[in-house]
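Below is one structure, written out as structure tokens; comments come after it.
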Amino acid sequence: MERRSPRHWLLAPVNADTILVMKTEPFSRRNFLAASGALLVAHGAMGQNASLTAGEVLQRMKENLGMPWLSDSMTTTVDNLLGGDASTPVRGIATTTMATIDVMRTAVAKGLNMIVSHETPFYLHLDKTDDLKNDPVLAYKLDYMRKNNIVVLHWHDHWHHRTPDGSAYGMMQEVGWEKYSDSPDKKHFTLPAQPLAQFAKALEQKLQLHNVRVIGKPDMQVSRVYTSWGYASRQVVISLLNRPDVDTLVTGESVEWEGIPYVQDMVAMGQKKALVLLGHVNSENGGMRYCAEWLRGFIHEVPIGFVPAPEPFWPPDHPIG
């Protein structure tokens, strides 16, 4: 089945053997609520009275990872339950890249009170909030979580450590590059040669984005692509783009006074290299869509849905509603 942009189709399982595909208008919060509600309800109907806790969901995830659990210590992994606790009853599960208030509201409207979020809901990767004790935004979010019995699972480290990397596998499907993969980690691709401008535009259209940014000569031929979904540090940018088998790096973001000027200087020297920035959330949504599919393989008592984290920025001539 052709993979389409999250703004053009929604998936929800009806039973173990059937998948419904619904084409929609371009994505908006209102469209998502209206179009996907009935599908999620249909999936959960047969198990809506089943008793399932957040701790049991996490335990099944550990059992189906295909790798040892890193540790229960925050110094080793950030993958932990936040808000609520292991005994919180689960009515439904939402997967997302970033558990913003908008995402939480959408999940609640669907009856999904456990949110599996790739990134932290608390504005710092380690989920520490000591410096925000009296912050009104954090207070509002925590109150909303309490009132709606929401429990969040920060699901980052193990999703990246499993084989293949969950984000990489899901984004490979999202952009339709399965047949071009030439590495076990699903991060390196040999694509048909095309100009950089055409390559970047195709990604923008495929993912229905508004803020793709590009460094490189527009007419440079792109073929050997490496992906580092989410964030690429200075070291990653430099090491990957100096590889002879990589002409283009696609990532979500990088520090603008470190890796970015390095690529600018590579281009100024005459090297045929390029960097394409999609935005952090944009570049990992596909991984959390795949996470919902993965969860459906071993959790059947409650509905499971993917709630896309909205693109956070919009250009002045193209506001997003």
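Please find, within the stretch 134-143, the residue that is nearest to the chain's Cα centre (by Cα) out of those that are in a helix (DSSP H, G or I) and of a type in the set (D, E, K, R). Outline the logic, then answer.
First pass over the stretch 134-143, keeping only residues in a helix (DSSP H, G or I): 136-143.
Applying the additional criterion that residues be of a type in the set (D, E, K, R) yields 141, 143.
On the way: Lys141: 21, Asp143: 25 Å.
By that ranking, first place goes to Lys141.
Looking at Asp130, Asp143, Asp102, which one is within 20 Å of Gly287 (Cβ to Cβ) and acidic (Asp, Glu)? Let's see the steps before the verdict.
Values: Asp130 fails: within 20 Å of Gly287 (Cβ to Cβ); Asp143 fails: within 20 Å of Gly287 (Cβ to Cβ).
So the residue among Asp130, Asp143, Asp102 that is within 20 Å of Gly287 (Cβ to Cβ) and acidic (Asp, Glu) is Asp102.
Specify which of the listed residues (Pro319, Pro244) is under 21 Å from Asp219 (Cα atoms), without any contact (Cβ under 8 Å) to a residue 40 or more places away in the chain and not hydrophobic (A, V, I, L, M, F, W, C).
Pro244
It is to be established whether one or more residues within the stretch 121-142 are at pLDDT below 95, closer than 20 Å to Asp102 by Cβ and acidic (Asp, Glu).
Checked against the condition, which is being at pLDDT below 95, closer than 20 Å to Asp102 by Cβ and acidic (Asp, Glu), the stretch 121-142 yields at least one hit.
Within the stretch 214-223, identify whether any single residue is surrounded by fewer than 21 Cβ atoms within 10 Å (Cβ to Cβ), without any contact (Cβ under 8 Å) to a residue 60 or more places away in the chain and under 30 Å from Met67 (Cα atoms), and answer yes or no.
No, that holds for no residue.
Quick one: Asp131 ticks every box in (1) in a helix (DSSP H, G or I); (2) touching a Pro at 6+ places or on another chain (Cβ under 8 Å); (3) not small (Gly, Ala, Ser) bar one, so which box is it?
(2)
Could you list, in sequence order, all residues of the stretch 302-320 that are touching a Phe, Trp or Tyr at 6+ places or on another chain (Cβ under 7 Å) and of a type in the set (Gly, Ala, Ser)?
Hits for the stretch 302-320: nothing passes.
Among the residues of the stretch 97-112, write down those that are of a type outside the set (A, V, I, L, M, F, W, C) and closer than 19 Å to His125 by Cα.
Thr97, Thr100
Take Met145 and decide whether it is in contact (Cβ under 8 Å) with a residue 40 or more places away in the chain, closer than 17 Å to Thr88 by Cα and in contact with a Gly (Cβ under 6 Å, 6 or more places away or on another chain). Give the derivation first.
On the way: in contact (Cβ under 8 Å) with a residue 40 or more places away in the chain: yes; closer than 17 Å to Thr88 by Cα: yes; in contact with a Gly (Cβ under 6 Å, 6 or more places away or on another chain): yes.
So Met145 fits the description; yes.
Among (1) of a type outside the set (Phe, Trp, Tyr); (2) surrounded by fewer than 22 Cβ atoms within 10 Å (Cβ to Cβ); (3) part of a loop (DSSP other than H, G, I, E, B), there is one condition Pro308 misses while meeting the rest; what is its number?
In the conditions (1) of a type outside the set (Phe, Trp, Tyr); (2) surrounded by fewer than 22 Cβ atoms within 10 Å (Cβ to Cβ); (3) part of a loop (DSSP other than H, G, I, E, B), Pro308 misses (2) alone.
Assuming Gly230 fulfils every condition listed in (1) surrounded by fewer than 16 Cβ atoms within 10 Å (Cβ to Cβ); (2) of a type in the set (Gly, Ala, Ser); (3) within 22 Å of the chain's Cα centre (by Cα) apart from one, which condition is it?
(1)
Arg91 passes all but one of (1) farther than 19 Å from Leu295 by Cβ; (2) of a type in the set (Lys, Arg); (3) touching a Gly at 6+ places or on another chain (Cβ under 8 Å); which number fails?
Of (1) farther than 19 Å from Leu295 by Cβ; (2) of a type in the set (Lys, Arg); (3) touching a Gly at 6+ places or on another chain (Cβ under 8 Å), only one is false for Arg91: (1).
When you scan the stretch 245-302, how many residues do you find that are of a type in the set (Asp, Glu) and buried (at least 20 other Cβ atoms within 10 Å of the Cβ)?
Our first condition is that a residue be of a type in the set (Asp, Glu); within the stretch 245-302, this holds for 245, 247, 253, 256, 258, 265, 284, 293, 301.
Next cut, buried (at least 20 other Cβ atoms within 10 Å of the Cβ) only: 247, 284.
The qualifying residues number 2.
Within the stretch 173-212, track down each residue that is assigned to a loop (DSSP other than H, G, I, E, B) and surrounded by 15 or more Cβ atoms within 10 Å (Cβ to Cβ).
Of all residues in the stretch 173-212, those assigned to a loop (DSSP other than H, G, I, E, B) come to 176-177, 182-187, 208-212.
Those that are assigned to a loop (DSSP other than H, G, I, E, B) and surrounded by 15 or more Cβ atoms within 10 Å (Cβ to Cβ): Trp177, Lys186, Lys187, Gln208, Leu209, His210, Asn211, Val212.
If I go through the stretch 250-288 residue by residue, how many of them are more than 27 Å from Tyr123 (Cα to Cα) and not in a helix (DSSP H, G or I)?
First pass over the stretch 250-288, keeping only residues more than 27 Å from Tyr123 (Cα to Cα): 262-274.
Retained after the next criterion (residues that are not in a helix (DSSP H, G or I)): 269-274.
Count: 6.
The values are calculated or read from the model by the stated rules, or taken from the named source; none is laboratory data. Keep in mind that what you see is a predicted model, and the values were worked out from it rather than measured. With ideal geometry, Cβ positions are generated from the backbone for all residues, glycine too; neighbour counts draw on all protein chains shown.
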